[in-house]
Amino acid sequence: MEYAPFEKKVWLSSPTMHGEELEYMKLAFDTNWMSTVGGNIDAVVEEICKLTGNKYAVPLSCGTSAIHMAVKLAEIKPGEKVFCSDMTFCATQNPVVYEGGIPVFIDTERDTWNMCPKALEKAFEKYPDVRVVALAHLYGTPAKLDEIKSVCDGHGALLIEDAAESLGSTYKGRQTGTFGKYNIISFNGNKIITGSAGGMLLTDDEEAYNKAWKWSNQSREPAAWYQHEELGYNYRMSNVIAGVVRGQLPYLQKHIAQKKAIYERYKEGFKDLPVTMNPFEECSKPNFWLSCLLIDKDAMCVQERGELSASYRDEAGKSCPTQILEALAKHNAEGRPLWKPMHMQPLFKDNDFVSLGDDVSADLFERGLCLPSDNKITPEIQYRIIQIVKSCFE
Ligand SMILES: *Cc1c(COP(=O)(O)O)cnc(C)c1O
């Protein structure tokens, strides 16, 4: 059956406001705390520490600047190799490059679509001197943290946890963003809660907290004039943005419940199709930020991807991400290919990639896609999306 396009665009993941955000923004306005100091920032810092269990949180302009601070704290030196998630958004490792470090990408495992602990172990055999591992939790699904931690500990390596996509997710009852020495979260517009922008560095280390705080404030020394001993950055969070985050925070659990319901409806809706959903381990509770679909190998039609565009050949009973994404777009719904693995990016063509044999990241990228996962998707809208996806396999 043919459906007309959705009247209102169905988004992958768009901001969902509730009302309190505006009140806290107005509070900043009315009290004239319109800069990078103020009550909204203090409240958000306190609430994030309470929520995650970290001792300290540094409020910053975005998640990427938080990762930059983490990389600085890890004292990565020019030419130094750093093990990084391969299947992630570029912000996980770009700050490594800002500091002159060289990302070495670690292949993905199939149980959570995150860094493979066995490939990480193999990477340490090849590069025993590596000191830092940067790990992301893709689409809100916690990585195999016990195994990753144990490999890191076995080699005396420091873990940076990129929990930008996984705020509120837990692993064995503990929040992501608490397993690394330095951890980050993001309040970007498409994340599970948003400030429109913003991010935080999370740590239990007081000295690290003080350093990151100072660096993000242009490394001002405590003098009456602008006094500088170190290179600084203008990475502070605005009190207006913190107001948005402050208004969103009480809705985190609600957003997670909505995203989980979306994930489960897709899973149920696709049960007769040759596809699986993005998997997670029993011991973890993802925040279900994005629902993703992986097409079985033998149900893939021919798909050709160049650097900037893709095409496919339609085949009965088969489909591919390109076909499904085009069908969604035609109906005014936004999907997205899975994040293109970093080792496949032209930017990182000279960087090493460590895998156990077959390239799991590339295989997931070939066969997977992110489905519309916006909080505001109703069961009726989702039913239609499911039918659109099903029609691609006819
Ligand atoms: C969103 C995101 C970030 C940080 O994003 P900002 O837009 O800088 O806040 C970092 N890592 C991952 C994996 C992300 O998805």
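The values are calculated or read from the model by the stated rules, or taken from the named source; none is laboratory data. The shown structure was predicted, so the numbers you read here are calculated from the model rather than taken from an experiment. Backbone-built Cβ (ideal geometry, glycine too); neighbour counts: all protein chains shown. Just so you know, the surface numbers come from the protein's heavy atoms only, side chains and all, with ligands and any DNA or RNA stripped out. Shrake-Rupley method; radii C 1.70, N 1.55, O 1.52, S 1.80 Å.
β-branched (Val, Ile, Thr), farther than 25 Å from residue 291 by Cα and away from the ligand (no atom under 13 Å from the Cβ): which single residue out of 102, 106, 148 fits that description?
Working: 106 fails: farther than 25 Å from residue 291 by Cα; 148 fails: farther than 25 Å from residue 291 by Cα.
None of the other options fit; the residue is 102.
Name, by its number, the condition in (1) closer than 30 Å to residue 107 by Cα; (2) of a type in the set (Gly, Ala, Ser); (3) without any contact (Cβ under 8 Å) to a residue 24 or more places away in the chain that does not hold for residue 329.
Evaluating residue 329 over (1) closer than 30 Å to residue 107 by Cα; (2) of a type in the set (Gly, Ala, Ser); (3) without any contact (Cβ under 8 Å) to a residue 24 or more places away in the chain leaves (1) as the failure.
Can you tell me which of 128, 142 is closer than 26 Å to residue 276 by Cβ and either away from the ligand (no atom under 16 Å from the Cβ) or assigned by TED's automatic domain parsing to the domain that holds residue 49 (or both)? Explain how you work it out, then say what you get.
Working: 128 fails: closer than 26 Å to residue 276 by Cβ.
Testing whether each residue is closer than 26 Å to residue 276 by Cβ and either away from the ligand (no atom under 16 Å from the Cβ) or assigned by TED's automatic domain parsing to the domain that holds residue 49 (or both) leaves just 142.
Here are the criteria: (1) crowded, with 19+ Cβ neighbours inside 10 Å; (2) within 16 Å of the ligand (Cβ to nearest atom); (3) not in a loop (DSSP other than H, G, I, E, B). Tell me which single one residue 347 does not satisfy.
With (1) crowded, with 19+ Cβ neighbours inside 10 Å; (2) within 16 Å of the ligand (Cβ to nearest atom); (3) not in a loop (DSSP other than H, G, I, E, B) applied to residue 347, the lone miss is (1).
Results for (1) touching a residue at least 12 places away in the same chain (Cβ under 8 Å); (2) within 16 Å of the ligand (Cβ to nearest atom); (3) open to solvent by 20 Å² or more (accessible area, probe 1.4 Å), shown as yes or no for each residue.
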| residue | (1), (2), (3) |
| --- | --- |
| 12 | yes, yes, no |
| 15 | yes, yes, yes |
| 54 | yes, no, no |
| 58 | yes, yes, no |
| 66 | yes, yes, no |
| 91 | yes, yes, no |
| 94 | yes, yes, yes |
| 98 | yes, yes, yes |
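Which of the numbered conditions does residue 183 fail, given that it passes all the others? Conditions: (1) in the same structural domain as residue 294 (by TED's automatic domain parsing); (2) not in a helix (DSSP H, G or I).
Failing condition for residue 183: (1).
Go through (1) modelled with pLDDT of 95 or more; (2) in a loop (DSSP other than H, G, I, E, B) for residue 357 and report which single condition fails.
Condition (1) is where residue 357 drops out.
Counting only residues that are farther than 27 Å from residue 335 by Cα and crowded, with 16+ Cβ neighbours inside 10 Å, how many does segment 135-157 have? Walk me through how you get there before you give the answer.
The initial filter retains those residues of segment 135-157 that are farther than 27 Å from residue 335 by Cα, namely 145-157.
In the following step, the residues that additionally are crowded, with 16+ Cβ neighbours inside 10 Å were identified as 145, 147-149, 151-152, 155, 157.
Adding up the residues that qualify gives 8.
How do the helices (runs of 4 or more DSSP H) wholly within segment 1-86 filter down when requiring 1 or more residues that are polar (S, T, N, Q), assigned by TED's automatic domain parsing to the domain that holds residue 219 and touching a Phe, Trp or Tyr at 6+ places or on another chain (Cβ under 7 Å): which remain?
In segment 1-86, the matching helices (runs of 4 or more DSSP H) lie at 39-52, 63-73.
Out of the residues in segment 107-160 that are over 19 Å from the mean Cα position of the chain (by Cα) and part of a loop (DSSP other than H, G, I, E, B), which is nearest to residue 259 (Cα to Cα)?
This residue is 157.
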